[in-house]
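Structure record follows, encoded as structure tokens.
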Amino acid sequence: MSEKKKFYELTPAERLALLVAQEALSPADAGALSGENGLTEEIADHMIENVAGRFALPLGIAQHFVVNGQKVLVPMVIEEPSVVAAASNAAKIVAAAGGFRAEADDPRMIGQLQLVDVPDMDAAEQAILSRKAAILETVSDLDPILKKLGGGPLDLQVRVFPQTPVGPMLILHLILDVRDAMGANAINTALEKITPEIEQLSGGQARLRILSNLADQRLARASCRIAPDLLAMKIWSGAEVLQRILEAAAFAEVDPYRAVTHNKGIMNGIDAVVLATGNDWRAVEAGAHAWAARSGVVRPLSHWTRDAEGYLCGEIELPLAVGTVGGATRVHPGAQAALKLMQVTSSKQLVQNLASVGLAQNLAALRALSTEGIQKGHMMLHARQVAMAAGATGAQVEAVAAQMVREGAVRVDHAKEILKQ
Ligand code: MEV
């Protein structure tokens, strides 16, 4: 099957069958991805409240990713056409250039404890910090598995806000190594546990106890280095494309209006994998955009340069608070299958893949936007959705879409007209 046809030319069932034949997926996991043995109503009912149904989205598998020398199949859940194809195209270029290099910080999360009505800020700070080791010890075995795996509390930091609209405030940061979890539960539980002692030491009253989504102690990085020839496209030489990519990247460096869109493209890829693995994509989004704006101005999450040998060098760095255990990741059969497909066994490995996907997505966008534009590629995929919205099914979808693109009129009313004919 794979010798005759490319992966993208197969039907969804054939793609899964191929992955099972290649032992990239077990038959049960293939069933979880197809939806056959996926999220049941019963599991869904335990996941959130007032469940009335389940809502499916397409899951595509991006090809050609090589991260730290390992081939990775990348599951992506997304409603937007072109994202999976773009990621695969860029990953193919990068694979020919040796693949992505990626690394990640230890999975350190920040928890915040807000204290109000503190009588003496300096005395409170001193009292808390002098008991730091003992306080950390009280939460060191809240989660025995976390402890066994080498995680647990690392630090306490005091931040004082002398002036807020409601008076002074002391904010305590608890830093916790959450290993392979996203970490929200571990952090929030630990914060609640230390609250009575912190109140007593500070003389203040505790209010909020919650993790911070600005996970800037849990950064992931990816990079790639590409020979110009690999970037060549149609009428553009590799060197020309490289120059255009640098111009596109420079635009994002200087203009926040562009930087936000540049970063949105990066998050197209990252969010799709975060969603496929059952992780909290709102947490990832919140952290990424805040990190991008940490200087007070939104800057691009990725940077592109030309090195002394004329190669294109790309790098990305962003906070990625995701886990491979706990939450929906554990209970959603599709998320489990997605993690297995990626052969990911730790949160560090997962974020290295995520950073690489983000960089690939950005490379694909900059290369397309700075040359032929994205509308051409988008249009056929968009036309298929329009055709379906107009009621086309089966082979009609492709035929109606192709005719609309040929005629330069991709609209539902036109699709209906074609269908009628
Ligand atoms: C569209 O979803 C994403 C892009 O706008 C990203 C970009 O402009 O870099 C194409």
Choice from 50, 279, 362 showing the highest fluctuation, given a GNM over the chain with Cα pairs closer than 10 Å = 50
How far is helix 256-276 tilted off the main Cα axis of the chain, in degrees rounded to 10, range 0 to 90?
-> 90 degrees
Most mobile of 343, 112, 126 per a Gaussian network model of the chain (Cα springs, under 10 Å)?
-> 126
For segment 57-71, 3J(HN,Hα) per residue [Karplus equation, 6.51 cos²θ - 1.76 cosθ + 1.60, θ = phi - 60°, Hz, x = Gly/Pro] = 9, x, 10, x, 10, 6, 9, 6, 6, 10, 10, 6, x, 9, 6
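Ignoring ligands, DNA and RNA, what percent of the 1.4 Å accessible area of the chain is carbon and sulfur?
Carbon plus sulfur share of accessible area: 54 percent.
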Post the alpha-carbon centroid distance, segment 132-169 to segment 326-384, in whole angstrom.
-> 34 Å
Prolate/oblate/rounded call for segment 108-211, Cα gyration tensor, a/c under 1.5 rounded = prolate
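Any idea of the accessible area per residue across the chain, 1.4 Å probe, to the nearest Å²? Mind dumping the intermediate values first?
Details: 20890 Å² over 421 residues.
Here the per-residue accessible area is 50 Å².
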Scattering from the C-alpha atoms of the chain alone, worked out with Debye: what is log10 I(q)/I(0) at q = 0.09, 0.15 1/Å?
-> -0.66, -1.39
Using a 10 angstrom cutoff on alpha carbons, build the Gaussian network for the chain and name the most mobile of 346, 130, 34.
-> 130
Solvent-accessible surface ranking, highest first, for 117, 229, 271 at 1.4 angstrom = 229, 117, 271
Set of aspartates and glutamates with alpha-carbon distance to residue 6 below 19 Å, sequence-local pairs under 8 removed = 14, 23, 398
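For the chain, what is the percent of antiparallel DSSP beta bridges, rounded to the nearest 5?
Numbers: 47 of 49 bridges.
If we restrict to bridges inside the chain, about 95 percent are antiparallel.
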Full extension from residue 17 to residue 239: what is 0.36 nm times the residue separation minus their Cα-Cα distance, to one decimal in nm?
-> 75.9 nm
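Calculate, in whole percent, how much of the Cα-Cα pair population of segment 30-186 lies beyond 26 Å. Intermediate results must be reported in sequence, preceding the final value.
Details: 7279 of 12246 pairs.
I get 59 percent for the Cα pairs in segment 30-186 exceeding 26 Å.
Rounded, prolate or oblate: which fits segment 327-421, taking a ≥ b ≥ c as square roots of the Cα gyration tensor eigenvalues, rounded meaning a/c under 1.5, else prolate when a/b beats b/c?
On the way: a/c = 4.41, a/b = 1.76, b/c = 2.50.
Oblate is the answer for segment 327-421, as a/c is 1.5 or above yet b/c matches or exceeds a/b.
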Using only Cα atoms, find the angle between the long axis of helix 83-96 and the longest principal axis of the chain, and express it within 0 to 90 degrees, rounded to the nearest 10.
-> 90 degrees
Give me the angle, in degrees from 0 to 90, between the Cα long axis of helix 238-254 and the longest principal axis of the Cα atoms of the chain, rounded to the nearest 10.
-> 40 degrees
How far apart, in nm, are two points set 7 Å out from the Cα along the Cα-to-Cβ line at residue 130 and at residue 166?
-> 3.0 nm
Residues with amide H under 5 Å of residue 100's amide H, sequence separation 5 or more or different chain, H placed in the peptide plane at 1.01 Å from N; which?
-> 66, 67, 68, 69
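The values are calculated or read from the model by the stated rules, or taken from the named source; none is laboratory data. Bear in mind the structure is a predicted one, so any value in this text is a computation, not a measurement. When we count neighbours, we look across all protein chains shown, and the Cβ atoms used for this are built from the backbone with ideal geometry, even at glycine. Please note that ligands, DNA and RNA were not included when accessible areas were found on the heavy atoms of the full protein model with its side chains. Shrake-Rupley method; radii C 1.70, N 1.55, O 1.52, S 1.80 Å.
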